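Everything below concerns the one structure shown next.
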Amino acid sequence: MAQFQNDKEAADSLKVAYQRLRQEIGKVIVGQDEVVRLVLTAVFAQGHCLLVGVPGLAKTLLIQTIADSLDLSFNRIQFTPDLMPSDIVGSETLTQQREFQFVKGPIFANIILADEINRTPPKTQAALLESMQEYAVTVAGQRYPLARPFFVLATQNPIEQEGTYPLPEAQLDRFMFNIQLGYPSYEEELNIVKNTTADRKPTVSKVLEAADIQAYQALVRRVPVADNVVEYAVGLVHKTRPNTARTAPRAQQLLEWGAGPRASQYLIVAAKCNALLTGKYSPDIEDVRAVALPILRHRIVRNFKAEAEGLTVEQIIKELL
């Protein structure tokens, strides 16, 4: 791990490391620049991500590639209807010496890919809750801390609803970003087909290790923020809350529920990280706006009027911005 004389030098180093990560990930992933930016922002801001997109958009490949570029342990959990909580966190087994021994589950890794998270029942989805918030799991009354840094990157298919279990609001709120993946452009898809149908597999070099990431996470927390930026972020969240003093008129008309305090916290932390990644030493209002959509998208609930008018959550958030 590199040693830095001051936070300014560390901030400059983070920007260089971020650019190197983008280059390495770009060897495998074509396009999806905004998605890569948000996932890496979550990594340095110490948050979790939910990636939503139709099949074939390289959600799983993207997460695996990011894991390859970071010198961290990585486990993939394929969520299925018969998956049990013990299949994730681990369980106690009886040894030959007639003693109970805890066998760790796949959750004990730095990066967890929770593939198709909405395909497993709520009991198993809830097994992720403590790990995402407390960075630990409890089995048979014993608490086991998880390795740091720790990220849950979950994927979800929005098309098929039969046989799925929508994530409860409490669990959705623990994801920093809800990232929507769209179809690639014509030119991007040409490159994808050429790259994936040839006898050539690019190798991704490791850019950062665990200690580097933890140091950058601590750096993000130390970034100073002007009062007007904090006021803008908190004011934006308050605009989404119907029947409150600072509700925006459109939110009062179109929203059933607004975002909670965790949204305000994530807006500031993500804005700090966005500023560092773009070469600034302190965030401004534009940095808050740059991360607002994926932070608020899964934290506000439309009412019947908004649904009847065909307004999406994204359109409402853009109006509030």
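The values are calculated or read from the model by the stated rules, or taken from the named source; none is laboratory data. As the structure is a computational prediction, the values presented were derived from the model and not from experiment. Positions of Cβ are backbone-derived with ideal geometry, glycine not excepted, and every protein chain shown enters the neighbour counts.
Structure summary
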read-out: Subset tally (residues that are out of contact with any Pro (no Cβ under 7 Å at 6 or more places or on another chain), among the small types (Gly, Ala, Ser) and either in the same structural domain as GLN156 (by TED's automatic domain parsing) or surrounded by fewer than 20 Cβ atoms within 10 Å (Cβ to Cβ) (or both)) for the range 268-289; value: 1
read-out: Among (1) surrounded by 13 or more Cβ atoms within 10 Å (Cβ to Cβ); (2) without any contact (Cβ under 8 Å) to a residue 12 or more places away in the chain; (3) among the acidic types (Asp, Glu) - the single one GLU116 does not satisfy; value: (2)
read-out: Sole residue being surrounded by fewer than 16 Cβ atoms within 10 Å (Cβ to Cβ), on the phi < 0 side of the Ramachandran plot and either modelled with pLDDT under 85 or not assigned by TED's automatic domain parsing to the domain that holds LEU293 (or both), chosen from TYR183, TYR165; value: TYR183
read-out: Test result for LEU40, outside any helix (DSSP H, G or I) and hydrophobic (A, V, I, L, M, F, W, C); value: no
read-out: Strands (runs of 3 or more DSSP E) within the range 63-180 that include 2 or more residues over 30 Å from SER205 (Cβ atoms) and β-branched (Val, Ile, Thr); value: 136-139
read-out: Output for the range 228-247, where each listed residue is out of contact with any strand residue (DSSP E or B) (no Cβ under 7 Å at 6 or more places or on another chain) and either outside the structural domain of ASP287 (by TED's automatic domain parsing) or among the polar types (S, T, N, Q) (or both); value: ASN228, ASN243, THR244, THR247
